[in-house]
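Written below as C-alpha cells is the structure these notes are about.
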Amino acid sequence: MRYVKLPKENTYTFLERLKEWGRLYAPVKISEKFYDFREIDDVRKVEFHYNRTIMPPKKFFFQPREKLFEFSIKDAEYRETLEDVEPFVVFGVHACDIFGLKIMDTIYLDELPDKYYKVRREKGVIIGISCMPDEYCFCNLRETDFADDGFDLFLHELPDGWLVRVGSPTGHRIVDKNIKLFEEVTTEDICNFRDFENKRAQAFKYHEDWGNLRYLLELEMEHPMWDEQSDICLACGICNTTCPTCRCYEVQDIVNLDGNTGYRERRWDSCQFRSHGLVAGNHNFRPTKKDRFRNRYLCKNSYNEKLGLSYCVGCGRCTYFCPAGISFVRNLRTIMGLEEKSCPPELSEEIPKRGFAYATGIRGEDI
Amino acid sequence: MSEKKIRIGFYALTSCYGCQLQFAMMDEILQLIPNAEIVCWYMLERDSKEVEPVDIAFIEGSVSTEEEVELVKEVREKSKIVVAVGACATQGGVQSWTDKPLDELWKTVYGDGKVKFQPRMAKPVEEYIKVDYRLYGCPPEKRDFLYAIGTFLVGSWPEDIDYPVCLECRLRGNTCVLIERGEPCLGPITRAGCDARCPAFNVACIGCRGAIGYDVAWFDSLAKTFKEKGYTKEEIIERMKIFNAHNPKLEEMVNKIFQEVKE
Ligand code: SF4
Ligand code: SF4
C-alpha cells in the first residue's frame, strides 16, 4: 500500500480539489447534536470529528426511496428509470461504515447484482477518516475498527496533518494529480500514527470476547430480556433505518389515474413493522412485537459468510438514535452474561426445551 | 381495465371541505375524467346527484348530526367501495377531542339559535357503517388519493399504511425532535404517508393521520418515553387524543405506564 502525508494546512485545498472528481459529500452538523453526509459547497463546514451520521453512507448507493421503472399495463411493457449517475465523492467515512458498505456489496453486488446499487457504487469515490470512539462504539468487538480495503483514500489524523493510505487506482490518481499537496511520511508521522491507534484502541468502552454471542442468542430465545425490552420498544424502526447494513426494502406499484401507466418504487423497510412479516393470506411469520424485536438482534448477529463478520459493524447508531433509550449493546451483554440478570435459575432448568424451534408464536399454537 | 367507466361519488359530512378541495385541485384529475363518471362531487360537478349507486364513494367529515347518520347508511347501501377520507371521517377529527357534554358544546357554538338539524357527538364514519379503505390526514395526501384510485382502476386493492412517521423522517434525512430536543413528537405512533412534513420543519408530529391500526400503535411505550422526559399523564393523553379521541386503547395504555410507578 502507498502512504503519503497531507499537511494540515493543505486540508481545505485538498477538499476543494476533490470536487474535480465529482460532487462532494461529507459529514456536516444538521442540528444541535446530529450529523449527516450532505453535499458540500463550503469545505469549511466539513466536520472531521463527528461521532456518527444519522443516515448511514449506504444512502448513496441503496437510496432511501427510488423509482425502479415505469410501466404500461396495456402495452405490457416496462422501462427502467435508472438515471445517469454522475461521479461523486463521499469524504469522511469511518472504518465501521466502510465495512458496512462491504457488507452491502455482498448482498447487492455478488451473484445477482442490483443495477441501481451497482451503478452508484461504481461512480462513488470513498474517502475514509480516522475517529475516536465514544461510549456507543463497539467496532473493536466486531473487528471492523480498521479498514484494510473498501476505500480509495483513508486519512489518519496526525497532530500536524493526515497520514493517507492509498487504497485503489482512483486513490493513486487523486494523489498523483495533486502531488504538490502531499509530502512523504516521516518516522515521526509513523510514531504519531501508532500513538493515535493505541489511544484509540484503549478508548473503547468494552474489551471482551463476543465469540459465543451467536450461539447464546439462539439458546436464549426465551430470556426475559426479550419481553422487558420489546415491551418498551416503540417499533419505530429507527434502529433499522439508521443501520449501515440493514438492507430490506419494500416495493409498491403506483398506477396513474389513466388506469394504465404507472411506476414501481422501493423504499427502505424495517423488520420492526408489522407488514414486514406479512404474507399472502394475511399470515404473519413475526406476529408480535417481541418476535420482530428479536429478529433484528438475530439478523445483526448472524455471520456474513463472505466476510466472516457479523452483520452488525458496531457503529452504535441503533442505540444512539433509539427514542426509547434501548441499548443494543447492553441487551447483547445481558444475553452473554456480561451484565446482571443473565441466567435466571428458573430458565436454566428448562434450557433443552428452549431455542428457536420451541419459541412461542413462531410455529403457531399448542406447540 | 374494463371499458366501463367507474362511477364515483364524493360526499361531505360535517367538515371544512378541505379534503375535497385538496383533490379537486389536482391536475391529475383530468387523467381520471375519461375513465370515470363523477356522479356526485359538488366541487367538480354542478349536476351532482346525491345519493346514487356508485362504484367508489368517498366520504369526508365526521358524523355529527342525525341526518348524517342516515346519509352514511344510504351511501353504504348504494356503493361498492366506501372510502373514508381525512382525519374527520377516519378518526372523528379534532371536534372529537372534547370530553364536554353535547348540550354544553352546542350552547358554546350556537347559543340559543335555532338550526335545522339534530346534533350528535362527532364520530368517525366507521362507527356507523363498514368502511373499506381510508385516506388519512388533515388534509389527506394527494399521493394516497392517486395511489388508491389508480389501484382500484386496475382492479386491485391498495395497501393500508401500518408503519409510523418515523420511517419517513429517516428516509428524508430529518433530525429527530423527540430524541434531540425531547419534544412530544407523536411520530412513533402515527401513520406515515405525509413524508414527515412537520418534523421536516422541526415541528413535532401532532398525529393528524391518526394512530396506526392493527394494534401496533404503542401508546404505552411512547408514554413511557414522554414520561421520562418529564411530561405528565394529562399532557400526554391530551396530546395523543387530539386526533385519536375514539381510539379504544389509548387511555388504557397510557394509564398502564403511570400505574406501574405507584406499585
Ligand atoms: S429504534 Fe428503539 S424504539 Fe425504535 S424500533 Fe428500534 S429498538 Fe424499538
Ligand atoms: S446493528 Fe446497530 S450498532 Fe450494529 S451496525 Fe447496525 S446500527 Fe450499527
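Summary of values
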read-out	value
Residue-averaged 222 nm ellipticity for chain A, from DSSP H runs of 4+ at -39500 (n - 2.57), nearest 500	-8000 deg cm²/dmol
Debye intensity ratio in log₁₀ form over the Cα atoms of the range B:165-258, taken at each q of 0.20 Å⁻¹	-0.91
Other-chain or far-sequence residues with amide H under 5 Å of A:PHE182's (modelled H)	none
Separation of the B:GLU228 and B:VAL115 label points, Cα + 7 Å toward Cβ, nm	4.5
Chains B and A, summed buried accessible surface - 1.4 Å probe, Å², nearest 100	3600
Cβ-defined net charge surrounding A:GLY237, 10 Å radius [Lys, Arg +1; Asp, Glu -1]	+2
Relative contact order (%) - the range B:6-153, alpha-carbon pairs under 8 angstrom, separation at least six	27
When each of B:LYS49/B:LYS73; B:LYS5/B:LYS123; A:LYS115/B:LYS142 is checked by Cα-Cα distance, pairs over 25 Å	B:LYS5/B:LYS123; A:LYS115/B:LYS142
Dipole magnitude (debye, nearest 20) for chain B, charges at Cβ of Lys, Arg, Asp, Glu	320
Unit charges at the beta carbon, dipole of chain A: most positive-side option, A:PHE204, A:PRO244, A:ALA147	A:PRO244
Karplus-derived 3J(HN,Hα), 6.51/-1.76/1.60, for each residue of the range A:58-70, Hz, glycine and proline x	4, 4, 6, 10, 10, 6, x, 9, 8, 7, 9, 7, 10
Span-rule helices in chain A, defined as complete DSSP H runs reaching 18 Å or more along the axis (Cα) with Kyte mean at least 0.0	A:95-108
Choice from A:ASN282, A:ASN198, A:ASN331 showing the highest fluctuation, given a GNM over chain A with Cα pairs closer than 10 Å	A:ASN282
Net charge dipole size for the protein assembly as shown [Lys, Arg +1 and Asp, Glu -1 on Cβ; Debye, nearest 20]	520
Nonlocal amide H pairs with A:GLY316, under 5 Å, H built at 1.01 Å	A:PHE138
Förster radius 30 Å - calculated FRET efficiency between B:GLU70 and B:PHE258 (Cβ-Cβ, nearest 0.05)	0.15
Span from the the range A:246-279 Cα centroid across to the the range B:56-131 one, whole angstrom	33
Two-site FRET efficiency, A:ARG23 against B:ASP103, from Cβ-Cβ distance with R₀ of 51 Å, rounded to 0.05	0.20
Filter on A:LYS74/B:LYS78; A:LYS123/A:LYS177; A:LYS67/A:LYS289; B:LYS224/B:LYS249 - keep pairs with C-alpha separation over 21 Å	A:LYS74/B:LYS78; A:LYS67/A:LYS289
Rounded D (µm²/s) - the range B:1-156, Kirkwood Rh over Cα pairs, Stokes-Einstein at 37 °C, 0.692 mPa s	203
Residue-level accessible surface for B:MET26, protein heavy atoms, 1.4 Å, Å²	10
Accessible area of B:TRP218 in the full protein assembly, 1.4 Å probe (Å², nearest 10)	40
Chain A, accessible surface, carbon-and-sulfur percent (1.4 angstrom probe)	49
Mean residue ellipticity (222 nm) of chain B, computed from DSSP H runs ≥ 4 via -39,500 (n - 2.57), nearest 500	-10500 deg cm²/dmol
Prolate/oblate/rounded label for chain B (Cα gyration tensor, a/c 1.5)	oblate
Solvent-accessible area per residue for the protein assembly as shown (1.4 angstrom probe, square angstrom)	46
Chain B, relative contact order [Cα under 8 Å, separation at least 6], %	17
Value of relative contact order over chain A, rounded to a whole percent, pairs C-alpha under 8 Å and six or more apart	20
Calculated diffusion of chain A, Stokes-Einstein form, Kirkwood radius summed over Cα pairs, 10 °C and 1.306 mPa s, µm²/s	70
A:TYR206 accessible area, assembled protein chains, probe 1.4 Å, Å²	40
Exposure rank, largest accessible area first [A:HIS49, A:HIS172, A:HIS223, A:HIS276; 1.4 Å]	A:HIS49, A:HIS172, A:HIS276, A:HIS223
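The values are calculated or read from the model by the stated rules, or taken from the named source; none is laboratory data. Note that the structure is predicted; figures quoted are calculated from it, not measured. A quick note on method: Cβ atoms are made from the backbone with ideal geometry, for glycine too, and the neighbour counts reach across all protein chains shown. Surface areas here come from the heavy atoms of the whole protein model, side chains and all, with no ligands, DNA or RNA. Shrake-Rupley method; radii C 1.70, N 1.55, O 1.52, S 1.80 Å.
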